[in-house]
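Throughout, read-outs are computed from the coordinates displayed, never taken from laboratory work. Note that the structure is a prediction, hence the values are computed from the model and not measured. Backbone-built Cβ (ideal geometry, glycine too); neighbour counts: all protein chains shown.
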Amino acid sequence: MNMKGQRVLMFIDNIFEDMELLYPYYRLIEEGAEVVVAGPEANVVYTGKNGYPFRSNAAITDQQARNFDLLVIAGGFAPDKLRRDPKVLELTREIFEAGKIVAHICHGGWIPISAGIMQGFTCTSTPGIKDDLKNAGANWIDEEVVVDRNQISSRKPEDLPAFCRAIVKQATK
């Protein structure tokens, strides 16, 4: 229970990558963190890319960055829709600018790109958004997990164990 007392924000919308939401969600709860999964609407069931349903427990519009210790962004195709929401970008920027952890996996990097926080960071992702990250000023490398200052990134569901270990390690420093 290394993360007891910490609050984690996760975003959700339809076509999220099922494992990239569920694995960190339960892993961080196991560490004692309170995890808030915020969607466009509270208490709505969203469906993952592979068909798994998950109910949001909060609305994005009701969240304040100051109430969270870190942000974890799952991949799938939900981030492409979520990055069009100004509140998602505001929360991402504010958490980042406060020096708190912003962790993203797979296509989750689309949100930090749109939030304008990738310049000068070394990261990884699915190869599908490699060019997007480079064009946003990031140095992209192909590794299972990359930690650069207050950003943590991974490529795909198979990297989830390393991704979650890095999150817990950074959050409990």
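Lys pairs in the chain, Cα-Cα under 16 Å, at least 8 apart or on separate chains: how many? Present the calculation step by step, with values, prior to reporting the outcome.
On the way: K4/K169; K4/K173; K49/K81; K49/K156; K100/K169; K100/K173; K130/K156.
For the chain, qualifying lysine pairs total 7.
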Legend entry - Selection from L71, M3, L82, by position along the positive dipole direction of the chain (Cβ): M3
Inset, instruction - Mind listing the long-range amide H neighbours of T122? Cut-off is under 5 Å, sequence gap 5 or more, other chains count too, H placed in the peptide plane at 1.01 Å from N. - result: N139
Inset, instruction - Please work out the C-alpha center-to-center distance from the range 54-118 to the range 147-173 and express it in whole Å. - result: 15 Å
Legend entry - Unit Cα scatterers, Debye sum, the chain: log10 I(q)/I(0) for q = 0.10, 0.13, 0.15 Å⁻¹: -0.30, -0.53, -0.72
Inset, instruction - Please find the FRET efficiency linking E41 to R165, where r is the Cβ-Cβ separation and R0 is fixed at 25 Å, and quote it to the nearest 0.05. - result: 0.15
Inset, instruction - Pop out the ³J(HN,Hα) list for the range 100-107 in order, Karplus 6.51 cos²θ - 1.76 cosθ + 1.60 with θ = phi - 60°, rounded to Hz; leave Gly and Pro as x. - result: 7, 5, 10, 10, 9, 10, 6, 7
Inset, instruction - Output the DSSP H helices from the chain with an along-axis C-alpha extent of no less than 15 Å and a mean Kyte-Doolittle hydropathy no less than 0.5. - result: 160-171
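Within the range 22-119, which trypsin sites (Lys or Arg not before Pro) sit in a loop by DSSP and count at most 14 neighbouring Cβ atoms inside 10 Å?
R84
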